[in-house]
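Data block below; observations after.
The values are calculated or read from the model by the stated rules, or taken from the named source; none is laboratory data. Keep in mind that this is a model prediction, so the values were computed, not measured. Here the Cβ is made from the backbone with ideal geometry for all residues, glycine too, and neighbour counts use every protein chain on show.
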Amino acid sequence: MIRIRRYSNALEAEAAAGYLRENGIAASVVGGHVHGVFGLSSLRFAQLELVILDAAQQSSAEELLAQFEREGPELAPEWEREAEPDLSRIDTERVPITCAACGCPLRIGGRAEEACPECGAVNDVVDRIIAAHGPEGLAAALGAGEGAESGSTRRVPCPECGYPLEGPETRGRCPECGGLYDKGEDPARGH
């Protein structure tokens, strides 16, 4: 194996290796097992190595990587539209949001921005959902849990106090008593 580059970011390393493979060079990223075991993906000293198998392809690999670094990865034409959350799928009763400026409740009408009916401030709906409910608040909009009953559609009682737990979180602490819950756990088995 011939080391071509070192990366501290797994996404960059895998993208570069993929580019080489798309262009006929057998390439792989090694060292990822260390990142996963020790959680080193964000540390600068942690290194992933991009390697190729055939030394005869080293100069071609170097040229391709230089081109890749200049031009960047080629994205599918529809990637941006496909990555957008479908806000019309969010149940506003389970995922309520408020205006960032005045705190007035906002409705989620399926648009990325909503004007506050009280003060007129324009609010980024995704930002408001994340601020109020964390990224889990977007689960329904991103199609998470389709085909099975997900945490966002299940209403279960807290195993400690019976408080009705709603929302997309499948695990957490009860807001009433502070007890831990897991919506995927069978209450008959206990906890």
Out of the range 76-111, which residues are among the basic types (K, R) and either in contact (Cβ under 8 Å) with a residue 24 or more places away in the chain or touching a Gly at 6+ places or on another chain (Cβ under 6 Å) (or both)?
R89, R94, R111
Looking at R89, R81, can you tell me which residue is among the charged types (D, E, K, R), surrounded by 14 or more Cβ atoms within 10 Å (Cβ to Cβ) and modelled with pLDDT under 85?
R89
Kindly indicate whether any position in the range 33-50 is modelled with pLDDT under 90, basic (K, R) and out of contact with any helix residue (DSSP H, G or I) (no Cβ under 8 Å at 6 or more places or on another chain).
yes
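Within the bounds of the range 146-157, is there any residue that is on the phi < 0 side of the Ramachandran plot, at pLDDT 80 or above and in contact with a helix residue (DSSP H, G or I) (Cβ under 6 Å, 6 or more places away or on another chain)?
Looking through the range 146-157, none of the residues is on the phi < 0 side of the Ramachandran plot, at pLDDT 80 or above and in contact with a helix residue (DSSP H, G or I) (Cβ under 6 Å, 6 or more places away or on another chain).
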Quick one: is A66 of a type outside the set (D, E) and modelled with pLDDT of 90 or more?
yes
Per the filter on the range 118-145, residues at negative phi and either at pLDDT below 75 or in a loop (DSSP other than H, G, I, E, B) (or both) are E118, C119, A121, A139, A140, A141, L142, A144
Anything in the range 95-117 that is assigned to a loop (DSSP other than H, G, I, E, B), surrounded by 15 or more Cβ atoms within 10 Å (Cβ to Cβ) and modelled with pLDDT of 85 or more? List them, or say none.
V95, P96, C99, A100, C116
In the range 63-113, how many residues are under 25 Å from E166 (Cα atoms), more than 20 Å from the chain's Cα centre (by Cα) and basic (K, R)?
3
